[in-house]
Amino acid sequence: MIQIEDNDMPIDVAKKIVTGTKIVELSDMMKTVRKAFYGNQVDNGEYDMFELEEIKEIADYLIVYYNSHQNGD
């Protein structure tokens, strides 16, 4: 989960978006594959919060917002 604080600097918010992760419950098949390859049984996996394409989409939204508001609201 990403949590943005009131006093976060813009670069810190960007870093949280880029490096954020989420915990996902693995399917039975993924648990079996993980046990076969890594020798451990886990119920959850940690994955990136956003894929690269989603980060690009967020960036595009921010650019559109900036371009629409650069002369004031």
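The values are calculated or read from the model by the stated rules, or taken from the named source; none is laboratory data. This is a predicted model, so every value here is computed, not measured. In this analysis, Cβ positions are derived from the backbone assuming ideal geometry, glycine residues included, and neighbour counts consider all displayed protein chains.
Descriptive notes on the structure:
- The range 21-54, residues that are at pLDDT below 80 and either of a type in the set (A, V, I, L, M, F, W, C) or touching a strand residue (DSSP E or B) at 6+ places or on another chain (Cβ under 9 Å) (or both): ARG34, VAL42, ASP43, GLY45
- Of the residues screened, GLY20 is not one that is surrounded by 11 or more Cβ atoms within 10 Å (Cβ to Cβ), under 30 Å from LEU62 (Cβ atoms), over 10 Å from the mean Cα position of the chain (by Cα) and in contact (Cβ under 8 Å) with a residue 12 or more places away in the chain.
- Residue pairs meeting the criteria (Cβ under 9 Å; at least 6 apart or on separate chains; first within 25 Å of PRO10 (Cβ to Cβ), in the range 40-69; second part of a loop (DSSP other than H, G, I, E, B) and among the aromatic types (Phe, Trp, Tyr)): GLU57/PHE50; ILE58/PHE50
- For the range 50-60, a residue qualifies if it is in a helix (DSSP H, G or I) and surrounded by 10 or more Cβ atoms within 10 Å (Cβ to Cβ), and the qualifying residues are GLU54, ILE55, LYS56, GLU57, ILE58, ALA59, ASP60.
- Only a single item in (1) assigned to a helix (DSSP H, G or I); (2) in contact (Cβ under 8 Å) with a residue 40 or more places away in the chain; (3) not acidic (Asp, Glu) is not met by ILE2, and it is number (1).
- Sole residue being out of contact with any His (no Cβ under 9 Å at 6 or more places or on another chain) and surrounded by fewer than 10 Cβ atoms within 10 Å (Cβ to Cβ), chosen from TYR38, TYR47: TYR38
- Among the criteria (1) assigned to a helix (DSSP H, G or I); (2) in contact with a Lys or Arg (Cβ under 6 Å, 6 or more places away or on another chain); (3) among the polar types (S, T, N, Q), the one THR32 does not fulfil is (2).
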